[in-house]
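Below is one structure, written out as structure tokens, with a few remarks after it.
The values are calculated or read from the model by the stated rules, or taken from the named source; none is laboratory data. Please read these numbers as outputs of a predicted model, since none were measured by experiment. Cβ coordinates were reconstructed from backbone atoms using ideal geometry, including for glycine residues, and neighbour counts include every protein chain displayed.
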Amino acid sequence: MFNQDITPYQNFSILVLISFVLQSMLMPVLLTGVNGPEGWISVLIGAFLLFIAIKAVNKALKNHSEDTIISVSDKLFPKYISKLIGIYYILMFLTVNSLIMKDFAEQIKLMMMFRTPLSTIIITILLTAAYAAKKGIHTIAGITNIVFLTSFIPYLLIIVFSTYYADYSNIFPLYPPDAEGILRSVPNAALSFFGFSVLLFSNSRVSVKEKNLKTNQLYLMTSTLLYLASYLLIIVKFGTKEAANLVWPFVSIMKFVNIPGFFFESTEIVGLCLQITLIFTSICILAFFTNLAMQETFKTRENGYFIFIQIPILYLMAAGLPGMYMMFPYIQIPIYIISGMNLLIPILTACAAYRKYKRSI
Amino acid sequence: MKNLDLSQPIDRDINKNEQVLRKVFENTDDIIFRKFEAGNTKLKILLLYVDGMTTKEAISEYAIENLLMGLNLEKAQNMSRAQLEHEIAKTSIAVLEIQVLTTLEECVDKILSGETVLLIDSCNKAIMLSSRGWPMRGVQEPSAETLIRGARDGFNETMKVNISLIRRRLRDPKLKIKYAQVGKRSKTDIAILYIEDLVNKTVLETVEKRINNIEIDAVLESSYIEEMIEDDCYSPFPQIENTERPDAAASALLEGRVVIAVDNTPSVLIAPAIFVSFMQSSEDYYDRWLPTCAIRLLRYIALPIVMLLPALYVAVTQYHPNLLPTQLSLYVAASRANVPFPPYFEALLMELVIELVREASYRITSPVGSTIGLVGGLVIGQSSVEAGLITPLAVIVVALTAIASFTIPSYNFGSSLRLIRFAFIVLAATFGLFGISIGLSFLTIHLCTLKSCGIPYMTPFVSFVENKRDLKDTIIRPRINNLVRKPDYLHMEKKERKNV
């Protein structure tokens, strides 16, 4: 009856939230990747690369504003390539979602539910997320906006109160920088802006498509600022050496929150409760966009029921994968591959769209 | 009744018509058949009405006398419907509403609605004389929505009185009223009210379509309509607002919403209804804006207390005692030492007691009702603590929750929150704070899915940047002067409140 698309700002909040969750999950990789406090340079380089990519993709795909990356590639490339792209995105979304879920479930088990089996926590999250993913993008956008207001902003405010007793000299020395480490961490930083992969799908569902470029750029700027602020906060709080050993830097930060007049003994649980809603929302977002990728790849009319295929896959992947802290030594190569693919596929598609457009005129 | 075909035109033979109608109203002693002869030719006339539903004086003393004197009955026999209506209009009949009926079905409907029907021999039409009149409750202050400042009049069971109470407040020709009838047996009158240039046409069409699609034998209260036109009947949350206050209904109309008045019901329905509207009271706009802001804020603080406080008590005492300040944690542990039940049982038990007391106090007369509340609160709570069944903290938690629940202005909405509270206690008992977080996430998803006549229930929070103007009148109440625009979420054509 009314417009069922999402608004530009709803798109913005989806992109910022999903990126924030990925950034907090991959933060330890960035902290260990650079030998020194210069990780923020990797973040800036990554953001700059994505800024160019966002502009190129938005301009080149202007005539395909109703399409997702999969349906555009279907029009531009041979069928098998578009299918491969579709399958890549499905697998990538599933992998990332299962990693988030595993990491999230482990945090909950360690901090809150010592005696509850991990599988019970995972299945509880999965079933609730499935309910949201099945309801469609309007619901996903709605919960993201509400979570933005009720959890994300308070969560950030709580983090701000952790700057008590921070040692700001930890951000020095800047010279000599670990140039190799900085460059090696760029793919990781770029992957942390996961909203870039999501916007290739979500932009097609926005009601005012003319605002997509502006919204995407605003997202990138906001996300970069949040990433830089989080990185620097961890560095000033713990120092480079100690920060490199943190598995969940944000949870560690919560332990040092000092809000005047706050009477709770363990603030990390309060922070974790807010974090639960944030991570949970990002799981819902990813589950929905996996559904959408499945719908586009397999050319079905309705996507809600794909969640029933996702549930066992996600459960098995999340239960089977080792914890993030165990994967750190082996994660660098997959990050390079996924980060490269995430950048390459949209840029190649944009180039193909641009060439087709040039030929047509 | 099925064997009688009432849809056929009225017969010229009055005896045949009488026979059919007597068959229809067989064993219905309150239907009065008054037959008499009038005019020079001793023309037979049959008068029908329901005893107790008509104002007999108006009919017998003024209407019939004037009608029979003024109308040439012999001529009337061969007149068309329009001619007859014209002729009746020329008489000095003292009844405002008159209608010519052509079928017996129409006659039966009108008689049962409280009108008087006049059948004339050799005339294949009947005349309806408006004579509805029955004992009714006066306009009183609505007991469920009492205010300190504001109008004291409330709706009663007569739909037309209710409409007039709204009309008194909105003397706008753009205020439109559409009548409908629902219920195969009850034939309940329904009025759909809206302001033509403010209402969202899609919402209006949706409401009309849903009302027209209702198939039911009887509508005894507006809640029947509410249940049948809401978007999600399985949701615990009300999606249609109801009020007994004419000022609240008028205000809803001015916001571009649709008001549905149902006969025999002292409350009207308002659609669409969003989450925010259930947290507002008419009084918010009658008091000074600054204290009202604080009161509204207080309601939003009460909302999580109503839903979550007992669940938080269970989660913290059972799973996360380390969350509490050390002294409090030690006190809780000491007070729990002699209590044989786990915290979730304590919370559920006390909540159950509170609900029992609440239900009991509704069922009995008000002076005794308040005594029951006191007895329940003081005696049961005190005795339970002394008997070592529950901790004093559990009593404080449950009492605070009960008090907070009274701050929610909408009774329906408050009931939904009370129901959800039990689900949260179970979740907290199973998964602690994680369970509460999952429950809240589930609730948020559900609320974001919910719609009222196509309008998202969580408007304006679900798109707070696009609807930022609507945020102004949610958690706080701005000055009336600052409310220069009507809500954005209804996509009205005329949004300005000034220079209309």
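Tell me whether the range B:145-152 contains one or more residues that are touching a residue at least 12 places away in the same chain (Cβ under 8 Å) and part of a helix (DSSP H, G or I). The answer is yes; a qualifying residue exists.
Residue count for the range A:281-306 under the criterion of being modelled with pLDDT of 90 or more and within 14 Å of chain B (Cβ to nearest Cβ): the result is 7. Taking first residues from the range B:208-222 that are in the same structural domain as B:ARG257 (by TED's automatic domain parsing) and partners that are surrounded by 13 or more Cβ atoms within 10 Å (Cβ to Cβ) and charged (D, E, K, R), the Cβ contacts under 8 Å between residues at least 6 apart in sequence or on separate chains come to B:GLU208/B:LYS178. The residues of the range B:169-181 that are farther than 23 Å from B:ARG288 by Cβ, of a type outside the set (A, V, I, L, M) and surrounded by 13 or more Cβ atoms within 10 Å (Cβ to Cβ), listed by number, are B:ASP172, B:LYS174, B:LYS176, B:LYS178, B:GLN181.
Counting only residues that are more than 10 Å from chain A (Cβ to nearest Cβ) and surrounded by 22 or more Cβ atoms within 10 Å (Cβ to Cβ), the range B:422-451 holds 3 of them.
Residue count for the range B:325-362, restricted to those that are hydroxyl-bearing (Ser, Thr, Tyr) and either away from every other protein chain (no Cβ under 14 Å) or within 16 Å of B:THR401 (Cβ to Cβ) (or both): 4.
Only one of the numbered conditions (1) more than 30 Å from B:SER463 (Cβ to Cβ); (2) modelled with pLDDT of 95 or more is violated by A:ASN188, and that is (2). Only helices (runs of 4 or more DSSP H) whose full extent lies in the range A:251-360 are considered here, and the ones with at least 1 residues that are over 30 Å from A:PHE161 (Cβ atoms) and among the acidic types (Asp, Glu) are A:267-298. Taken as a whole, the range A:93-103 holds no residue that is more than 30 Å from A:LYS241 (Cβ to Cβ), in contact with a Ser or Thr (Cβ under 7 Å, 6 or more places away or on another chain) and hydroxyl-bearing (Ser, Thr, Tyr). Considering the range A:123-139, the residues that are in a helix (DSSP H, G or I) and more than 8 Å from chain B (Cβ to nearest Cβ) include one that is farthest from A:GLU302 (Cα to Cα), namely A:ILE123.
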